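Encoded as structure tokens, the structure appears first; notes follow it.
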């Protein structure tokens, strides 16, 4: 759903854009579904894990599971934790402006981090559940 991902990107970059702490810390940017090869680290990739309708007789709701994967090639877990904290500060219980929808909530449902010894990089995974409702 393009309008949802557009709302997430506006939240990430800032409205004007003013650049949020998350976008400043993640110098390689935030990308949807995949990042360009040889992208500058650290960077993040946003994935649409699932989405489902939650319709009633009078309302049309939708729930999405969105995942951010944050990658850094530094051996310091502290750098990764700093970037992940900036993402969580920005997105935990935030409000998004989604064109054509009432925004209900966005909350974190899962997080983990791990070192990939083969690629020599850290990955921090954060998942959020987002609920929206179609405006009449």
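Nothing in this text is a laboratory measurement; each read-out follows from the coordinates by a stated rule. Bear in mind the structure is a predicted one, so any value in this text is a computation, not a measurement. Ideal geometry is used to build each Cβ from the backbone, glycine not excepted, and the neighbour counts take in all protein chains shown.
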**Request:** Grab every C-alpha pair in region 41-84, bin the distances at 10 angstrom width from 0 up to the longest one, and report whole percents.
**Result:** 24, 31, 21, 16, 8, 1
**Request:** Please state, as a whole number in µm²/s, the translational diffusion coefficient that the Stokes-Einstein equation yields for the chain at 25 °C and 0.890 mPa s, with Rh defined as the Kirkwood radius across alpha carbon pairs.
**Result:** 158
**Message:** Can you say what percent of the DSSP beta bridges in region 1-69, counting only those with both residues inside, are antiparallel? Round to 5.
**Reply:** 75
**Paramagnetic reach from residue 94 in region 51-71 [backbone N under 15 Å; point 7 Å along Cα→Cβ]** = 66-70
**Asked** How high is the FRET efficiency from residue 109 to residue 58, r the C-beta distance, R0 30 Å, rounded to 0.05?
**Response** 0.65
**Request:** Could you tell me how many degrees, from 0 to 90 and to the nearest 10, lie between the Cα long axis of helix 77-91 and the main elongation axis, the longest principal axis, of the Cα atoms of the chain?
**Result:** 20
**Request:** Please work out the FRET efficiency for the pair residue 76 and residue 47, using the Cβ-Cβ distance as r and a Förster radius of 25 Å; give the result to the nearest 0.05.
**Result:** 0.50
**Message:** What three numbers, in Å, describe the spread of the alpha carbons of region 58-136 along their principal axes, ordered from the longest?
**Reply:** 52, 21, 18
**Asked** If each of residue 116 and residue 31 carries a label point 7 Å out from its Cα toward its Cβ, how far apart are those two points in nm?
**Response** 1.1
